[in-house]
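> Below you'll find the structure I mean.
The values are calculated or read from the model by the stated rules, or taken from the named source; none is laboratory data. Predicted model, so just to flag it, every value in this text is computed and none were measured. As a convention, Cβ positions derive from the backbone with ideal geometry for all residues, glycine included, and neighbour counts pool all protein chains shown. Heavy atoms of the whole protein, side chains included, go into the accessibility calculation; ligands, DNA and RNA do not. Shrake-Rupley method; radii C 1.70, N 1.55, O 1.52, S 1.80 Å.
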Amino acid sequence: MEEKLQKIKQTLRSRMHEPVPKVGGWLKRVRNGHYQYYGVPGNWASLGLFRERIARYWVWVLRRRSQKGKVSAIRLGRLFMRWLPRPRVVHPYPEQRFAVNHPR
């Protein structure tokens, strides 16, 4: 996870001056891919940490875009709810998957 987060951090730095919706859409795709792969039951803490770290890096980049560096907490909250919603588990428990393929 650390390696992926460092790559995201570098990419955010290179995309610093792109429009916010474009960067938000890219982050949403990255986050969805991560949740699709790691979204198994019992992995809530890791999914939440991934979202939190991405949000922290994005805040840092947004504040570096201008000399004023003023991004209100209200705007950040709206950005995060739109582009980085809360994590969700997308895979069922293993017993449920097994029961579909091998009914008793």
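> Which number in (1) under 28 Å from residue 92 (Cβ atoms); (2) at pLDDT 90 or above marks the one condition that residue 44 misses?
Every listed condition holds for residue 44 apart from (2).
> Could you check how many residues of the range 1-25 are open to solvent by less than 40 Å² (accessible area, probe 1.4 Å) and assigned to a helix (DSSP H, G or I)?
Looking only at the range 1-25, we keep the residues that are open to solvent by less than 40 Å² (accessible area, probe 1.4 Å), and these are 5, 8, 12, 16, 20, 23-25.
If we keep only those that are assigned to a helix (DSSP H, G or I) too, we end up with 5, 8, 12, 20, 23-25.
Of the residues in that region, 7 qualify.
> Sticking with this one: Please identify the pairs in which a residue from the range 60-89 that is among the hydroxyl-bearing types (Ser, Thr, Tyr) has its Cβ atom under 6 Å from the Cβ atom of a residue that is modelled with pLDDT under 90 and surrounded by 10 or more Cβ atoms within 10 Å (Cβ to Cβ), counting only partners at least 6 apart or on another chain.
Cβ pairs passing all conditions: none.
> Applying the selection to the range 34-58, what residues are open to solvent by less than 30 Å² (accessible area, probe 1.4 Å) and either of a type in the set (A, V, I, L, M) or under 20 Å from residue 9 (Cα atoms) (or both)?
Going through the range 34-58, the residues open to solvent by less than 30 Å² (accessible area, probe 1.4 Å) turn out to be 34-35, 39, 47-48, 50, 54-55, 57-58.
Result: 34, 35, 47, 48, 50, 54, 55, 57, 58.
> If you check every pair at least six apart or on different chains, which have Cβ atoms under 7 Å apart with a residue in the range 1-23 that is closer than 17 Å to residue 55 by Cβ first and a residue that is of a type in the set (Val, Ile, Thr) second?
8/30; 8/54; 12/61; 13/61; 15/23; 16/61
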